Amino acid sequence: MKLTVIGCSGSGPGPDSPASCYLVEHDGFRLVIDLGSGAFGPLQGVLDPADIDAIYLSHLHADHCLDIAPFVVWHRYSAQLRRPRVPLYAPVSADRRLAMAYADDGIGDPITDVFDFVFVGPGAFSLGPFQVHTTRTAHPVECNAIRLQAGGRTLVYTGDTGPCRGVVELARGADVLLAEAAHPEVEGLPGDLHLTGRQAGEHALAAGVGRLLLTHVPTWVDREEQLRAAGSVFPGAELVSAGSVYEI
Ligand SMILES: [Zn+2]
Ligand SMILES: [Zn+2]
């Protein structure tokens, strides 16, 4: 399994990275996980969008889904012949929400000519070569963390989450945990929203994962401090950057 970080800036794009977007490849299958603000540009530097086999959206916050809009434009207008629809795995209501993001005509221009929507909740299913398990995270809107297994290897991505027992269970024994670490170590931040660096480390330790990759640090939070806090609990924790590639 190969993981390419397209965007990892938390809560919105930054000067050095788009918002959340990851490419996971196995056996020639290309799965895009989240397509946040600013990500569709750099994504095209890594692969031809026509080669995307499926898209998975953890949730419908702008920093995880809004570049679906330029994807629709590309899909509709870049080819002489009609392109095949792309399977889009996302929470219920993604079809209406993303249609409204694309065109504000009061009802939303249906984008079902571009996507085959597959509505995702907590559960298990097959997606190309991947065995997939999902669980609901602690976040203000429906967000599903995802566990991908293929070729005897396992990658878990938290999406956005506050401290969450279910995420620990989902990540149990994974080779790699790609965990958000958006909150700084300060008092009074809202719960059920994001993890601190320390909490990301605690989740990785409790789950017994092999490797912890930290992501989704906002531009106003000190990345090195997030790494230090996570590393104090889970030594060897790493910060991802846009363009990083990992063989899992
Ligand atoms: Zn986010
Ligand atoms: Zn979010």
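The values are calculated or read from the model by the stated rules, or taken from the named source; none is laboratory data. Worth saying up front: this structure is predicted, and the values here are computed from it rather than measured. Note that we place each Cβ from the backbone using ideal geometry, even for glycine, and neighbour counts take in every protein chain shown. We work out accessible area using only protein heavy atoms, side chains counted, and drop any ligands, DNA or RNA first. Shrake-Rupley method; radii C 1.70, N 1.55, O 1.52, S 1.80 Å.
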Go through (1) modelled with pLDDT of 95 or more; (2) assigned to a loop (DSSP other than H, G, I, E, B); (3) of a type in the set (A, V, I, L, M, F, W, C) and name the single condition PHE71 misses.
(2)
For GLY173, only one of the following conditions fails: (1) at negative phi; (2) in contact with a helix residue (DSSP H, G or I) (Cβ under 8 Å, 6 or more places away or on another chain). What is its number?
(1)
Those residues of region 199-222 which are touching a Phe, Trp or Tyr at 6+ places or on another chain (Cβ under 9 Å), in a helix (DSSP H, G or I) and surrounded by fewer than 20 Cβ atoms within 10 Å (Cβ to Cβ), in sequence order:
GLU202, LEU205
Provide a single number: the residues in region 196-236 that are without any contact (Cβ under 8 Å) to a residue 24 or more places away in the chain and touching a strand residue (DSSP E or B) at 6+ places or on another chain (Cβ under 7 Å).
1
If you check GLY36 against the conditions, is it under 13 Å from HIS64 (Cβ atoms), touching a residue at least 60 places away in the same chain (Cβ under 8 Å) and within 16 Å of ligand 2 (Cβ to nearest atom)?
no
Given the structure, is LEU81 of a type outside the set (Val, Ile, Thr), part of a loop (DSSP other than H, G, I, E, B) and open to solvent by 50 Å² or more (accessible area, probe 1.4 Å)?
yes
Given the options LEU23, LEU43, LEU3, LEU31, name the one that is aliphatic (A, V, I, L, M), more than 16 Å from ligand 2 (Cβ to nearest atom), over 16 Å from LEU213 (Cα atoms) and assigned to a strand (DSSP E or B).
LEU31
Criterion: touching a helix residue (DSSP H, G or I) at 6+ places or on another chain (Cβ under 7 Å) and of a type in the set (Lys, Arg) - qualifying residue of ARG147, ARG165, ARG153:
ARG147
Of all residues making up region 91-140, the number that are within 18 Å of PHE71 (Cα to Cα), within 16 Å of ligand 1 (Cβ to nearest atom) and open to solvent by 70 Å² or more (accessible area, probe 1.4 Å):
1
Count of region 140-169 residues which are within 17 Å of SER58 (Cα to Cα) and either of a type in the set (Val, Ile, Thr) or within 14 Å of the chain's Cα centre (by Cα) (or both)
17
Condition met for ARG172 (among the basic types (Lys, Arg) and within 19 Å of the chain's Cα centre (by Cα)):
yes
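Residues HIS75, HIS64, HIS59: which one is surrounded by 21 or more Cβ atoms within 10 Å (Cβ to Cβ) and in contact with a Ser or Thr (Cβ under 6 Å, 6 or more places away or on another chain)?
Checking each option against the conditions leaves just HIS64.
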Among (1) open to solvent by 40 Å² or more (accessible area, probe 1.4 Å); (2) assigned to a helix (DSSP H, G or I); (3) touching a Ser or Thr at 6+ places or on another chain (Cβ under 8 Å), there is one condition GLU185 misses while meeting the rest; what is its number?
(2)
Within region 141-162, the residues that are within 15 Å of ligand 2 (Cβ to nearest atom), under 17 Å from LEU214 (Cα atoms) and surrounded by fewer than 24 Cβ atoms within 10 Å (Cβ to Cβ) are GLY162
